[in-house]
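Here's the structure, in C-alpha cells; my notes come after.
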Amino acid sequence: MIKLSEVKSDCRFFRGHIPCKPNKLHGVMCDNCEYYDKTDKKILIIKLGAAGDVIRTTPLLYPLRENFPASKIYWLTNSSGLVPLHTKPAVDEVLEYNLQNVTFLSEVEFDVVINLDKDYEAISLAKKISANKKYGYTIKNGYCYPANEAAEHKYFTGIFDNISKENKQSYLEEIFEICNYKFSGQEYLIDLDKTYDVDFSIDNLKKVVGLNTGCGERWTSRLWEDKHWIELIRKLKEKKIEVILLGGPSEHEKNSLLNELTGAKYFGVFDIKTFINLVNKCDAVVTQVTMSMHIAIALRKKLILMNNIFNPNEFELYGNGVIVQPRKECTCYFQPKCINKEYRCMDYLMPEDIYEACLKELDITK
C-alpha cells in the first residue's frame with residue numbers, strides 16, 4: 001500500500017482529487033512511476049477578454065517555457081477552447097472563469113501571476129491571488145493600476161488617446177515588455193483539432209479567399225456596407241477565386257444575403273473548433289480586427305486586414321499580410337460608433353483596394 005508521504009503532488013500529471021493520466025492508462029502509482037515529471041513553479045496567466053486577445057497572447061508561452069521549463073502553467077479565461085493544450089509550448093491547465101475556479105485560485109500560492117486584462121474582475125482577482133511576482137495590472141483605489149513598472153507604458157496608452165496614437169509598439173512587443181522579455185517574432189499558438197474537420201464543398205483547385213464580414217455588434221464604426229462586399233466578391237469570382245463567407249451568429253443574416261446575391265459560398269455558423277478548421281481551408285482571409293484575424297494569423301494564412309479606428313502599429317502580421325485603410329482619414333480613434341458628421345471613412349475603404357491586396361498576397365497577376 002502506498003504511503004501518503006510517497007504521493008508526488010509536484011508531478012505535472014498530479015490531479016489531487018482524481019487519478020492522474022499515467023495511473024489511468026498504465027496503473028502506475030507515485031512510489032514507482034516512470035512518468036513522474038517534477039514541477040518547481042506555478043504560473044498563472046489571466047486573460048479573460050475577447051477571444052482574439054486570448055490567441056494573440058499565446059506567444060508569451062515561448063519565453064515562459066524557456067525561462068521556467070519545469071513550471072506548471074495555468075490559464076484563466078472565458079475562451080477555454082482557444083488556449084493551446086497540444087502545441088509546443090503549451091499550457092498545462094485551462095480554467096474557465098467561474099466561481100469554482102476563482103475559489104480554487106484564491107487558495108493557491110503562485111510563483112508568477114500575469115494579468116494582461118484591465119477589466120474590474122481581472123484586476124480584482126490579480127490583486128487577491130498570492131504570488132511572488134506579479135506582472136501586468138492590478139487594482140488600486142478602485143481603479144486599474146500597473147502591477148510592475150514595465151506595465152506603465154501600456155497603462156498610459158490605455159488611458160490617454162494621444163499617447164496611444166503615438167505608440168509604435170505592437171501588442172506583442174508591449175506584453176513581452178510587461179513580462180520583462182523581448183519579442184523576437186514568436187508566433188501565435190493554436191490547437192487545430194482535425195476531429196472537428198468537415199468536408200466542406202470547396203473547390204481546392206482554385207485559390208480560396210475567406211471573407212469575414214463582421215466587426216462585432218459594438219464596433220459599428222468599422223462596418224463595411226454590403227455593396228462593398230458584393231463588389232469585392234464579384235471581382236474575386238471573375239478572377240476564378242473561390243470565395244467563402246465567414247462569421248458567427250451576428251453575421252448569419254448578412255452572410256446568407258451575400259450568398260444569395262453573389263453565389264459566394266456560405267456554410268453556416270459553427271463551434272469554434274470547426275470554425276478554425278474552416279479558416280484553415282483558406283489561402284487568404286479578408287477581415288476586420290476580429291477573432292478571425294487572429295485565427296488566420298495563427299494558421300499562417302495570408303491576411304488582408306481592414307483597419308480604420310485602431311493604431312496600425314498595434315498589429316503583428318509576421319510579414320504574411322497587409323493592412324488596408326480607407327483613402328480618407330479616420331477621425332474616430334477607438335470609437336465604437338462613427339462620430340464624423342462630414343463623412344464615414346469606411347465608405348472610402350474601396351473594394352478595388354482590397355481586391356488588389358488579395359491578388360498581391362496570393363501572387364496572382366492582375
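Just so you know, all these numbers are worked out from the coordinates, no wet-lab data involved. Quantities reported herein were computed from a predicted structural model and do not represent experimental measurements. Positions of Cβ are generated from backbone atoms using ideal geometry, with glycine treated the same way; all protein chains shown enter the neighbour counts.
Quick notes on this one:
- Applying the condition of being in contact with a helix residue (DSSP H, G or I) (Cβ under 9 Å, 6 or more places away or on another chain) and buried (at least 17 other Cβ atoms within 10 Å of the Cβ) to the stretch 154-170 and asking which residue is nearest to residue 97 (Cα to Cα) yields 154.
- Residue, nearest to residue 172 (Cα to Cα), within the stretch 336-352, restricted to residues that are surrounded by fewer than 16 Cβ atoms within 10 Å (Cβ to Cβ) and of a type outside the set (Asp, Glu): 336
- The set of residues in the stretch 268-282 that are under 17 Å from the mean Cα position of the chain (by Cα) and among the β-branched types (Val, Ile, Thr) comprises 272, 274, 276, 279.
- Residue 310 of a type in the set (A, V, I, L, M, F, W, C) and farther than 21 Å from residue 349 by Cα: no
- The listed residue being over 30 Å from residue 271 (Cα atoms) and of a type outside the set (Gly, Ala, Ser), out of 121, 152, 96: 152
- Residue in the stretch 125-139 that is touching a residue at least 60 places away in the same chain (Cβ under 8 Å) and in contact with a Cys (Cβ under 9 Å, 6 or more places away or on another chain) present: yes
- For the stretch 292-315, residues that are of a type in the set (A, V, I, L, M), buried (at least 20 other Cβ atoms within 10 Å of the Cβ) and more than 21 Å from residue 326 (Cα to Cα) total 4.
- Scanning the stretch 123-139 for residues that are out of contact with any helix residue (DSSP H, G or I) (no Cβ under 8 Å at 6 or more places or on another chain) and more than 19 Å from residue 153 (Cβ to Cβ) turns up 124, 127, 128, 130, 131, 132.
- Within the stretch 191-210, being of a type in the set (Lys, Arg) and closer than 28 Å to residue 83 by Cα holds for one residue alone: 194.
- Single condition residue 245 does not satisfy, out of (1) assigned to a helix (DSSP H, G or I); (2) surrounded by 16 or more Cβ atoms within 10 Å (Cβ to Cβ): (1)
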